[in-house]
Amino acid sequence: MGANFSRRFTHSFVTGFKANVGLIIGLIVLCVIVAFQSEFFLTGQNLINVARQISTNLFVASACTMILITGGIDLASGSIISVSGVFSAAAVLKMGLPVGAGVALGIAIGAAAGFVNGFILSRTALPPFIITYAVGSICKGVSYVYTGGQNIRVDAPALKWFGTGFVGPIPAPVFFLLIILIAVWLILNKTKLGRNMYAVGGNVHAAEYAGINIKRIRVFMYVFSGAMAAFAGIILAARTYSGQPAAGAGAEMDAIAACVLGGVSMLGGNGRLSGTILGAVIIGVLNNGLNLMHIDSFWQYIVKGVVIIAAVYFDYYKSTLVRTNKALKGASKKSG
């Protein structure tokens, strides 16, 4: 049994490496460039900060990977980060609840928002980007109405630990992230649910005729996405010592960018979690490198956009080349 597992793991690792070799090379080149430009990049403290920043994005991006694979999209994540962070901080500071209860409340709010998304989308033909944007707008509004636009200070050490603490030598956000990534990888690669997600993204009508419960899958995905965004919001509030109604702005776009950069198709039916992880790491290193090189924040948007377009275009070109080669081989076999 051990040898069997070892062979499967090795095969999965090699397959993932081959699929993401372009991203891996790009990441190495990016790290070398940043390391030459800034002596602080490879310091322990900076790498820990980068890991914490990347983890916030990856909580959202891991769930976003599943949603994109099924052909959906979630634009509510950034707003859920805001409202969950605010109410978790308020639960501890203003309501006097234990930290565990505050964290649970924040995750429950995110899961509830995700359930609304999933419930509506599973029972109607309405576009996901409209529904999730609307639910996100409501969440953001609730966050601002409750706080009056003011930040809520986080001063409970146990709550701060979620963003700044350690589990042994591992930063707490990274520790929780590893657990989530393992769970998502197992769902996508080792369960019937994961296979059904790919089937729904490949051809939703065929999946429906095959008896796949599409409604249940959509509700699960959006609830999970809401919970992950909520947990990211709690960690962000703990890391910045405040629940901020303005937090999470653009987080859903960074998550989608990480997925697409990692080769997850926005048309559904195709994508790997390993690619999303690499995409998020590239975005995190790029953001950190631009800050260390003291590049103006306005220019950072331009640079990040250009890099993402270039990477996505390269992946598109590579996929087109592979499809063309397969078509040519098929044609030559038929003619032979």
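What follows draws every value from the coordinates through simple rules; no lab data is involved. Fair warning: this is a prediction, and the values are worked out from it, not measured in the lab. Here the Cβ positions follow ideal geometry from the backbone for every residue, glycine too, while neighbour counts run over all protein chains shown.
Just need the Rg to Rh number for the range 248-289, please, alpha carbons only, Kirkwood Rh. Present the calculation step by step, with values, prior to reporting the outcome.
Values: Rg = 10.4 Å, Rh = 10.3 Å.
Looking at the range 248-289, the ratio lands at 1.00.
List every residue whose amide H lies under 5 Å from the amide H of Ser242, counting only residues 5 or more places away in sequence or on a different chain, with H placed 1.01 Å from N in the peptide plane.
The list, which skips near neighbours in sequence, is Val154.
Report Rg/Rh for the range 31-182, rounded to two decimals, where Rg is the Cα radius of gyration and Rh the Kirkwood radius.
Rg/Rh for the range 31-182 comes to 1.02.
Looking at the chain as a GNM with Cα springs under 10 Å, which of Leu75, Leu236, Leu27 has the largest mean-square fluctuation?
The residue that fluctuates most here is Leu27.
How much length, in nm to one decimal, is gained on full extension between Arg216 and Tyr316, taken as 0.36 nm per residue of separation minus their Cα-Cα distance?
Working: separation 100, 0.36 × 100 = 36.00 nm, distance 3.17 nm.
Full extension of this stretch gives 32.8 nm more.
Taking only C-alpha pairs under 8 Å that are 6+ residues apart, what is the relative contact order of the range 145-214 in percent?
12
Taking the number of other C-beta atoms within 10 Å as the exposure measure, put Cys31, Cys139 in order starting with the fewest.
In order of increasing Cβ crowding within 10 Å: Cys31, Cys139.
Given 25 °C and 0.890 mPa s, how large is the Stokes-Einstein diffusion coefficient of the chain in µm²/s, with Rh as the Kirkwood radius over Cα pairs?
117
Using θ = phi - 60° and the Karplus relation 6.51 cos²θ - 1.76 cosθ + 1.60, list the HN-Hα couplings for the range 295-302 in order, rounded to whole Hz, with x at every Gly or Pro.
After applying 6.51 cos²θ - 1.76 cosθ + 1.60, I find 7, 3, 4, 5, 6, 4, 4, 5 Hz.
Given contacts defined as C-alpha pairs under 8 Å and at least six residues apart, what's the relative contact order of the chain, whole-number percent?
Result for the chain is 31 percent.
Using only alpha carbon pairs under 8 Å that are at least six residues apart, calculate the relative contact order of the range 15-119 and give it in whole percent. Don't jump to the answer; show the numbers that get you there.
Numbers: 38 pairs, mean separation 15.3, N = 105.
15 percent.
Binning every alpha carbon pair distance of the range 210-319 at 5 Å from zero, what are the percents per bin?
Result returned by the calculation: 2, 10, 15, 20, 19, 16, 11, 5, 2, 1, 0, 0.
Using only helices, what value at 222 nm comes out for the chain when you add -39,500 (n - 2.57) per DSSP H run of length 4 or more and divide by the total residues, to the nearest 500 deg cm²/dmol?
Numbers: 14 runs with 264 residues, N = 336.
Computed ellipticity for the chain at 222 nm equals -27000 deg cm²/dmol.
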